[in-house]
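Chemist: This structure is in structure tokens; I'll ask about it shortly.
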Amino acid sequence: MKINQKIFLQLGISFIFFGLIGILINNLTINLIRTGLGFNFSWLFKPASFALAEYPLPYTSSDSYAWALFIGWLNSLKVVISSLILATLLGTLIGFARTGKNSLLRLISAGYITIIRQTPLLLQLMFWYFVGFLGLKDNMFIQIKNIFNISNQGIEFSGLTFSSEFLALLLGLSIFTSAYIAEVIRGGILSVSQGQWEAFRSLGLAERKGLIRIILPQALPAIIPGLTSQYLNLAKNSTLAIAVGYSDIYAINDTIINQTGRAIECFIILLVSFLLLNLLITNTMEIINKLILKSRKYS
Amino acid sequence: MDPIVVAKNLTKSYTKGLRALDNVSLTVDQGKVLVVMGPSGSGKSTLIRTFNGLETFDKGELNILGIKVDSTHDERKIQKIRRRVGMVFQQFNLFPHLSILENITLAPVHVQKRRQIEAEKYGMYLLNQMGIDSHAKKYPSQLSGGEQQRVAIARALALKPELLLFDEPTSALDPERINEVLDAMRNLAEQGMTMVVVTHEIGFAKDVSDQVLFMDSGKVIETSPPNIFFSNARHERSRKFLNQLDTY
């Protein structure tokens, strides 16, 4: 392509790009004028005057909107991190089963992956919430001296209470993501050459030991990037909490928009919250990746 | 004394009716070296890989160090065999994420449950024997092919095996690196190690082997002492193969 043509093309693209942004800003200004609210964040410090079902830190309806949003962020963080751990454990086990020697386990894990990946997450969350937890009776079964109780209120375990909303979300997100993680793990394991399996087998090392000591460390560089993107998806999917009534950042934002009409400010807050959460995940994974690469002195 | 390897009528077919092994029978006595030769695809690799259970077979019987295996491929028995039989591969198959010494101590520590210090001491002794003890702390990718293959031999020796299997150990090496590996194997043979070696190295076969087994299309064509095989092979097919090796 000639240089003239290139410059012309780039000018054209910039024109379209800035034109679109201009239209958006124009729309925004018109709407802000129409609502008469103006653009500011001072309302954040007014009392929220709505109750929350779940709060890891003390919260009452007289606390500010800002505090309510922070509680929402903590709720999101709580469900994201616990699902992340559960999904990884589950996904790894299923990934192992999928590549293992046992043909029954291989079949079961393949079925699990197929069913979970081919149905919508929203449907699965609804299933765990309405069928899994709300389907239970008040005092469903086992109540062993107040140590462990499972009911339609959730699970109580030696003083700790987990609401059925939290649990439905935790289960739904973990199981959904685990199917994808299993495939990532499988891909990583298959990336290690067959010769490595033969080498550890011929040394008399048992399958499981060989998998963990020989195959997995070599599979990790292929696993980590895929795992990171699954974690990011999980964090974003956690906004489906609103479907089961779990007070995550998105649900609380939604309530605030309804109360105050501050849609623009709220969406900016939401964007920043998720940016922060996902930057946290990406950077942690980056550090883990570097540690792994550093720990091996071979190319 | 009982033989180390006895194979009786080993047969393995692939789905298309192709036979990788066709009624293969052989015996290897204690302290002997059997060299297996044959054109590519003749089943020689498949054959020695059945000896430590890396390959299954459909018919026949195998007796390795007194442990009998048949087509059912009993995992327990195979595990027992693997603890007493070492194997060296064409592509070395060292563990790239472990140092040279860790490659060698892995099996003694995790299979034989020996103490780390003891395993390392014996590992260093083996590396010294192979002439590569200065590389102990390095990683496989930092070594030449010949050095890597000698590490692989040391790794196979770490379990103090009673039988060593070599699957084309010099085929992936640069020509000037072949001899250092063959020399190491010669030393082992002189020390009385029982070995089964798949190789195209005529010089090694002539000097070191007690028997040469020639295979084609999964069948044993002939088994002869090297002096007879290389000067006056009994079978027309063997002579043709040797001629081709010469011109090549």
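Chemist: Given that compact globular proteins tend to follow 2.2 N^0.38 Å, what is the ratio of the alpha-carbon Rg of chain A to that value?
Modeler: 1.28
Chemist: For residue B:30, enumerate residues with amide H under 5 Å from its amide H, sequence gap 5+ or separate chain, H modeled in the peptide plane.
Modeler: Excluding prolines and chain starts, which carry no amide H, the hits are B:4.
Chemist: Based on other C-beta atoms within 10 Å, arrange B:77, B:44 from fewest to most.
Modeler: Values: B:77 17, B:44 27.
In increasing order of surrounding Cβ atoms, one gets B:77, B:44.
Chemist: Right, here's the next one. Name the most mobile residue of B:117, B:221, B:64, meaning the one with the largest mean-square fluctuation, in a Gaussian network model of chain B with Cα contacts below 10 Å.
Modeler: Judging by the Gaussian network model, the answer is B:117.
Chemist: Something else about it: For residue A:190 paired with residue B:179, estimate the spin-label separation in nm (one decimal), with each label point 7 Å from Cα along the Cα-to-Cβ line.
Modeler: Distance between the two pseudo-spin positions: 4.6 nm.
Chemist: Can I ask one more? Taking trypsin sites (Lys or Arg not before Pro) as exposed when DSSP calls them loop (any state but H, G, I, E, B) and at most 11 other Cβ atoms lie within 10 Å, what is the longest stretch of chain A free of them, the sites themselves excluded?
Modeler: Numbers: sites that count: A:2, A:101, A:137, A:145.
Segment A:146-299 is the longest.
Chemist: If we count other beta carbons within 10 Å of each Cβ, what is the order of B:97, B:110, fewest first? Provide the component values of the computation, followed by the final result.
Modeler: Working: B:97 21, B:110 18.
Listed from fewest to most nearby Cβ atoms, that is B:110, B:97.
Chemist: Next question, about the same structure. What order do you get for A:162, B:89, A:39 when you list them from fewest to most C-beta neighbours inside 10 Å?
Modeler: Details: A:162 16, B:89 23, A:39 11.
Arranged by neighbour count, lowest to highest, A:162, B:89, A:39 become A:39, A:162, B:89.
Chemist: To continue, here is another question. Which whole-angstrom value gives the distance between the alpha carbon centres of region B:1-30 and region A:164-223?
Modeler: Between the Cα centres of region B:1-30 and region A:164-223 lies a distance of 36 Å.
Chemist: Collect residues whose amide H, placed 1.01 Å from N in the peptide plane, falls under 5 Å from the amide H of residue A:191; neighbours closer than 5 in sequence don't count.
Modeler: The list, which skips near neighbours in sequence, is empty: none.
Chemist: Then there is this: Report the residue, chosen from A:27, A:289, A:233, that carries the largest GNM mean-square fluctuation when chain A is represented by alpha-carbon nodes joined by springs under 10 Å.
Modeler: A:27
Chemist: Can you tell me the FRET efficiency between residue A:134 and residue A:89 if r is taken as the Cβ-Cβ distance and R0 is 30 Å, rounded to the nearest 0.05? The partial results should precede the final answer.
Modeler: Details: r = 26 Å, r/R0 = 0.87.
For R0 = 30 Å, the calculated efficiency reads 0.70.
Chemist: Karplus couplings for region A:94-101 from phi (6.51 cos²θ - 1.76 cosθ + 1.60, θ = phi - 60°), rounded to Hz, Gly and Pro as x?
Modeler: 5, x, 4, 4, 5, 9, x, 8
Chemist: Pull out a ≥ b ≥ c, the square roots of the eigenvalues of the alpha-carbon gyration tensor of region A:29-85, then state rounded if a/c is under 1.5, prolate if not and a/b is larger than b/c, and oblate in the remaining case. Write out the running numbers ahead of the final one.
Modeler: Working: a/c = 3.63, a/b = 1.77, b/c = 2.05.
Verdict is oblate for region A:29-85.
Chemist: For residue B:227 and residue B:124, FRET efficiency with R0 = 30 Å and r from the beta-carbon atoms, rounded to 0.05?
Modeler: On the way: r = 39 Å, r/R0 = 1.30.
Here the calculated transfer efficiency is 0.15.
Chemist: When DSSP assigns beta bridges and you keep just the ones with both residues in the protein assembly as shown, what percent turn out antiparallel, to the nearest 5?
Modeler: Values: 30 of 46 bridges.
Bridges in the protein assembly as shown are about 65 percent antiparallel.
Chemist: Quick one: 3J(HN,Hα) in Hz for region A:197-212, Karplus 6.51/-1.76/1.60 with θ = phi - 60°, rounded, Gly and Pro as x.
Modeler: So the J values, rounded to whole Hz, are 5, 5, 5, 6, 5, 6, 8, x, 6, 5, 3, 5, 4, x, 4, 6.
Chemist: Using the basic label-point model (7 angstrom from Cα toward the beta carbon), what is the residue A:17 to residue B:133 distance in nanometres?
Modeler: If labels sit at residue A:17 and residue B:133, their model points lie 6.5 nm apart.
Chemist: Given the options A:28, A:240, A:279, which has the most mean-square fluctuation in a GNM of chain A, springs set between C-alpha atoms less than 10 angstrom apart?
Modeler: A:28
Chemist: Only bridges whose two residues both fall in chain B count here: according to DSSP, what percent of them are antiparallel, nearest 5?
Modeler: Working: 19 of 35 bridges.
In chain B, DSSP labels about 55 percent of beta bridges as antiparallel.
Chemist: Now a separate question. Using only Cα atoms, figure out Rg for region A:162-251 and give it as a multiple of 2.2 N^0.38 Å.
Modeler: Normalised by 2.2 N^0.38 Å, the Cα Rg of region A:162-251 equals 1.48.
Chemist: Here's something else I'd like to know. Need one number: nm distance between label points at residue A:206 and residue A:103, each 7 Å from Cα along Cα→Cβ, rounded to one decimal.
Modeler: Each label point lies 7 Å from its Cα, and together they span 2.4 nm.
Chemist: Just the C-alpha atoms of the protein assembly as shown: what Rg/Rh do they give, with Rh taken as the Kirkwood radius?
Modeler: My calculation puts Rg/Rh at 1.15.
Chemist: Between residue A:162 and residue A:61, what FRET efficiency comes out of the Förster formula 1/(1 + (r/R0)^6) with R0 = 30 Å and r the beta carbon distance, rounded to 0.05? Mind dumping the intermediate values first?
Modeler: On the way: r = 23 Å, r/R0 = 0.77.
After rounding, the FRET efficiency stands at 0.85.
Chemist: Could I ask something else about it? Can you bin region B:94-161 into rounded, prolate or oblate? Criterion: square roots of the alpha carbon gyration tensor eigenvalues sorted a ≥ b ≥ c, rounded for a/c under 1.5, prolate for a/b above b/c, oblate for the rest.
Modeler: Working: a/c = 1.74, a/b = 1.52, b/c = 1.14.
Prolate, because a/c is 1.5 or more and a/b exceeds b/c.
Chemist: Provide, for q = 0.19, 0.23 Å⁻¹, the log10 of I(q)/I(0) from a solvent-free Debye sum over equal Cα point scatterers in region A:49-139.
Modeler: -1.03, -1.14
Chemist: How much net charge surrounds residue A:79 when only the other residues with a Cβ under 14 Å from the Cβ of residue A:79 are counted, with Lys and Arg +1 and Asp and Glu -1?
Modeler: Working: positive: A:78, A:236; negative: A:54, A:165, A:248.
Net charge around residue A:79: -1.
Chemist: Something else about it: I need to check one value: relative contact order of region A:37-295, counting alpha carbon pairs closer than 8 Å and at least 6 residues apart, in percent. Show your work: numbers first, answer last.
Modeler: Values: 329 pairs, mean separation 57.8, N = 259.
Once normalised by length, the contact order is 22 percent.
Chemist: How high is the relative contact order of chain B? Use alpha-carbon pairs under 8 Å, at least six apart in sequence, and give a whole percent.
Modeler: Details: 465 pairs, mean separation 64.9, N = 248.
Value for chain B: 26 percent.
Where a number appears in this text, it was derived from the coordinates with a stated rule and is not lab data. In this text, all values refer to a predicted model and were calculated from it rather than measured experimentally. Heads up, the Cβs are rebuilt from the backbone with ideal geometry, glycines too, and the neighbour counts pull from every protein chain shown.
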